[in-house]
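J.: Here you go, one structure.
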Amino acid sequence: MGKILKGATAQDTHSAILDLIRSSGTVTRVDLAERSGLTGASISRVVKQLLADGLIIETGLGDPTGGKRATLLQFNPRARHAVGISIDTPSTSYVVTDMSGRVIEQVSSRGIGRDAPATAVKRITAELEDLIVKANIEPATLIGVGVALAGRQGGGGMRLLRTDASKYAWEPFAVRDTLSAAIDHPIVVENDSTCAAIGEFWAGRIPSANDFATVYMAAGFGLGLVTNGDVYRGSSSNVGEIGHMILDVNGPHCWCGGQGCLESLAAPAAVVKRAEQDTSLVNELALRGRRTAVRSDFAKIARLAAAGDPRCVRLIEESATYLAKALLSITNLLDLDQIILAGPGFSEAGDIYVRIAGTEINRLSFVRAMHPTRVEQSKLGPSAAALGAASLVLHSQLTPHQKSTRALTS
Ligand SMILES: [Zn+2]
């Protein structure tokens, strides 16, 4: 903290102190001075401003230290709100959270489907306005809107270039700029797997010293990385494309141009395709087999697998085994001690993926003799990306002393 604040601007100092209060639960001014390395006078000035802004509150008295009992300070999560939107082909999810990341309101609507970008953004803007009314929050308390995008991010204005090579692709389009023009709040845009990772971190489950990865499964796979309490974004926010890690050089062709990618072997569409070879299963589950039905078809298979149906267990275990192999390589590459499985793809049969990935990684990881690698399922549910996008707003607005979030909002 002392190092972070060396030469920091007033805004950075405020955000760093606020972050310290938030992560401490309750804390005294003396504790803050000790932990930050700032003088008592500086702390008093910052605390006075944070109290005036309503961002923190005074809450009782702490243990007596040398006679006088010092006033305890606490973060005030309801002072501000954030919105997170997850935009994907089959669905759009919205959440409103307070500053602790607690969900105040949550809705979902149809995805971008075949809509032209301009049409989709117009609808999203209208749905966002409805959401703010429904959540019954003061618009002035909304500090920003985070957008989690599936697919590739373009340079400059953060555009969703193509979600895939099919007819559902979006053409180059400045999502952030267009939303910014329509919405009178700061907009941050990030890929969905990075959003899911920052959501886990902000939800407070991860100690800030821990490095961890989140694997996000929707139509494909993405990896979000948090190191030293901050997101790792790569050079263009296209970090963590593990879906195109090649697991079989002679494997099936993938839309990316490669062959035998994790996505072509283990993503929901690959599982549904394999299930279609079993006619009785297709009839029993009323699988529709259409591209637009992949998410619901996969959910039916995964649900039955979770219930123990051997045909579906086999299908999900095969997908989980490919994912486990990919995560084993990632663990060896990054020396991870924690991997969290998040997103709608893990909603129904996450336990099977956790079991197989956990077993495989701890059986074979290069560092297994040094430390285990915990694999667990996210507790954020299928809206992990939307929640993460809201967390990204909190992260960028409340912790601008972290360099990567500053880059995001610039
Ligand atoms: Zn590929």
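Computed from the coordinates by the stated procedures, all read-outs in this text should not be read as laboratory data. From a predicted model like this one, the values you see are computed outputs, not experimental measurements. Using ideal geometry, Cβ is built from the backbone for each residue, glycine included, and neighbour counts are taken over all protein chains shown.
J.: At a 10 angstrom cut-off on C-beta neighbours, averaged per residue, how do the peptides 210-223, 97-110 rank from highest to lowest?
T.: 210-223, 97-110
J.: For the chain, modelled as a GNM with alpha-carbon contacts under 10 angstrom, which of G251, G84, G358 fluctuates the most?
T.: For the chain, modelled as a Gaussian network with Cα springs under 10 Å, the answer is G251.
J.: Over all alpha-carbon pairs in the chain, figure out the percentage whose distance exceeds 28 Å.
T.: Every Cα pair in the chain considered, those over 28 Å come to 50 percent.
J.: Which residues' amide hydrogens lie under 5 Å from the amide hydrogen of L341, considering only partners 5 or more residues apart or on another chain, with H built in the peptide plane?
T.: V215, E376, Q377, S378
J.: Most fluctuating residue of E129, E190, E360 in a GNM of the chain with Cα springs under 10 Å: which is it?
T.: Among E129, E190, E360, the largest mean-square fluctuation in the Gaussian network model of the chain belongs to E129.
J.: Which whole-Hz ³J(HN,Hα) couplings does region 290-303 yield from phi under the Karplus relation 6.51 cos²θ - 1.76 cosθ + 1.60, θ = phi - 60°, glycine and proline marked x?
T.: With coefficients 6.51, -1.76 and 1.60, one gets 7, 4, 6, 9, 4, 5, 6, 4, 5, 4, 5, 5, 5, 5 Hz.
J.: To the nearest 500 deg cm²/dmol, what mean residue ellipticity at 222 nm is calculated for the chain from DSSP H runs of n ≥ 4 alone, each contributing -39,500 (n - 2.57), summed and divided by the residues? Each step should come with its number before you reach the end.
T.: Values: 15 runs with 173 residues, N = 410.
Taking each H run of at least 4 residues, the total per residue is -13000 deg cm²/dmol.
J.: Let me ask something else. Between A118 and S180, take the C-beta separation as r, use R0 = 22 Å, and let me know the FRET efficiency to the nearest 0.05.
T.: FRET efficiency, A118 to S180: 0.95.
J.: Same structure again: Using a cut-off of 17 Å between alpha-carbon atoms, which aspartates and glutamates can reach K48, once sequence neighbours fewer than 8 places away in the same chain are excluded?
T.: D12, D19, D31, E58
J.: Using 0.36 nm times the number of residues separating N228 and S42, minus their current alpha carbon distance, what extension gain do you get?
T.: The span from N228 to S42 would gain 64.4 nm if fully extended.
J.: Can I ask one more? Using a cut-off of under 17 Å, list every residue of region 333-349 whose amide N is near the label point 7 Å from the Cα of E317 along the Cα-to-beta-carbon line.
T.: Once the point is set 7 Å along Cα→Cβ of E317, 349 turn out to lie under 17 Å by backbone N, inside region 333-349.
J.: What is the spin-label model distance, in nm, from Q377 to L61 if the labels are put 7 Å beyond Cα along the C-beta direction?
T.: 4.9
J.: How large is the dipole of the chain about the Cα centre if only Lys and Arg carry +1 and Asp and Glu carry -1, each at its Cβ, rounded to the nearest 20 debye?
T.: That gives a dipole near 280 debye.
J.: Step through the table entries K300/K379; K122/K273; K273/K325, compare each Cα-Cα distance with 24 Å, and write down the pairs that go over it.
T.: K122/K273
J.: Another question, if that's okay. If R₀ is 51 angstrom, what is the calculated FRET efficiency for the pair A286 and M370, using the beta carbon separation as r and rounding to 0.05?
T.: Details: r = 49 Å, r/R0 = 0.95.
The pair A286/M370 has a calculated efficiency of 0.55.
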